[in-house]
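None of the figures in this text is laboratory data; all of them are computed from the coordinates on show. As the structure is a computational prediction, the values presented were derived from the model and not from experiment. Glycine also receives a Cβ, built like all others from the backbone with ideal geometry; neighbour counts cover every protein chain displayed.
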Amino acid sequence: MLQQLIGSRGRGALLVTAVVGVALFAGGLQLVPVSAQTLTLEAARAPEGISAEAPWDRLWELAPRQEVPLSSQQIALPFGGGSVTALTARALQDGTRLYLLLEWADAEADDAVNGVAEFSDAAAVQFPSIAGSEPPFTMGAPGQPVNIWQWKAVWQADLAGGFTTSQDRYPNTLVDGYLNGDDPLYKTALAAGNPLAQRDHDSPIENLLSEGFGTLTHAALQDVAGAGEWRDGRWRALFVRALEPADGDYASFAVGTSTSVAFAVWEGAADDRNGQKSIAPFIELKIGDADVAARGRFGAEQVLIIIVIALSGAAVAAFLYASARSNARAA
C-alpha cells in the first residue's frame, strides 16, 4: 500500500509541486532557460596592472565566464576540426585595455612543428573591424572586414625557449657545411617576410585582417599581447590589447558598448590547420563597467539561490513522504 501511494499520488504530487516551485522561483527571479538565452560575454572592470603573461592568475576565477559550444568547420573546403567541442571564455577590462581569456581541454600540448605533418595548437578570436557592423562570422566578406587575433602554441614555445632550428629538431644529423648559410636565397620564406618564418616574435599572438575566404592578411600593426599556458590537460590563452587601436582598420572597444566576438580552436594532434578547426559564430561581447569583485559576489548569490531551491524541493519531498506514510498507517 505504501509503495502504491508513493508511486502514484506521492510521485505525481512531488513532480507537480517541484515543477510549480521551480517555475515560481524562476518567475520571481526572472530567470530564463539557457536554451532561450543569447550567449553574452561581459568584460567586468578589474584593477589596473593585470598581467598580460599570466593566464592562470587567480583573478580570472572572479571574471564573468561564458561556456561556448564549438563545432567542426563545414563551410569552406577543406572541412575539418570538431575535436574540441567547447571552450570557456572570460573577459576583463581596466579602462585602458581589454583582456580575453580562452580555456579548453587538450590532452597534450602540441607546441612544436618538426615537420610538414606536424601542427601546432592554436586559438583565435574575431571581431568586426568596423564598429557597429555585423560581418559574416566566416572571416568577413568584401567590404565587411574583420580583425582576428590568433595565438599559436609554437610561437609561445619560441618565445620561451628560442626559435627551433633544423639542428634542434634533428640533433644527430650530420652535414658537411652550408655555404652562405645566411643568404636569403636559401631562406626564401624568411626573406619574403613570411610571418611564420620569423625568428624573433614579440608576441605569441598574430594580428590579422580579413574580408572573406582567401583574404587573410598579416596586419601591419602587431599590437596584441598575451600568453598561453598548458596545465593538467587544459590550455589557457590570454589576449590583451588597448581598447582603442592606434589605427582605424582594427576592432575598437569602449566601456558601456557592445560588439561581437567569434572563436576558433586548432588541435594540432588532430591535424587541425588553416581552415580545419573548431569554430563558434559571433556572440555578444559587452564592455561593462561593473567591478569584477561585485560580479564575483553576484555569482555567489546565484549559487545561494540554487541551494534554496534544492532545499525547498527536499522539504516538499519529505513532507509528501511523511504524508504517504501517515495515510498508509491509517489505511
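May I ask you to list the residues of the range 242-270 whose amide nitrogen lies under 16 Å from a point 7 Å from Cα along the Cα→beta-carbon direction of ASP57? Taking a point 7 Å out along Cα→Cβ of ASP57, the residues of the range 242-270 whose backbone N falls under 16 Å are 242-243.
Of all DSSP beta bridges located in the range 40-289, what percent are antiparallel, nearest 5? Could the numbers behind the result be given before it?
Numbers: 59 of 65 bridges.
Approximately 90 percent, going by the DSSP bridge assignments.
If the label point is 7 Å along Cα→Cβ of PHE163, which residues in the range 202-225 have backbone nitrogen under 12 Å from it? The answer is 202, whose backbone nitrogens lie closer than 12 Å to the label point. Could you estimate the translational diffusion coefficient of the range 40-289 from the Stokes-Einstein equation, with Rh from the Kirkwood formula over C-alpha pairs, at 20 °C and 1.002 mPa s, in whole µm²/s? Diffusion coefficient, whole number: 113 µm²/s. In percent, rounded to a whole number, the relative contact order of the range 40-289 is 31, using alpha-carbon pairs under 8 Å and six or more apart. The simple spin-label model puts a point 7 Å past each Cα toward its Cβ; for ALA86 and LEU179 those points are separated by 6.1 nm.
For SER252, SER210, the sequence from fewest to most other C-beta atoms within 10 Å is SER252, SER210. Mean sequence separation of contacting Cα pairs (under 8 Å, at least six apart), scaled by the length of the range 110-179, corresponds to a relative contact order of 31 percent.
With R₀ fixed at 45 Å, the C-beta to C-beta distance from THR40 to ALA269 puts the FRET efficiency at about 0.90. With neighbour counts taken as other beta-carbon atoms within 10 Å, the residues ARG90, ARG234 rank, fewest first, as ARG234, ARG90. Note on GLU134 and GLU284: their simple-model spin labels are 1.2 nm apart, each label 7 Å out from Cα toward Cβ.
With a Förster radius of 51 Å applied to the beta-carbon distance between ARG199 and LEU311, the computed FRET efficiency rounds to 0.25.
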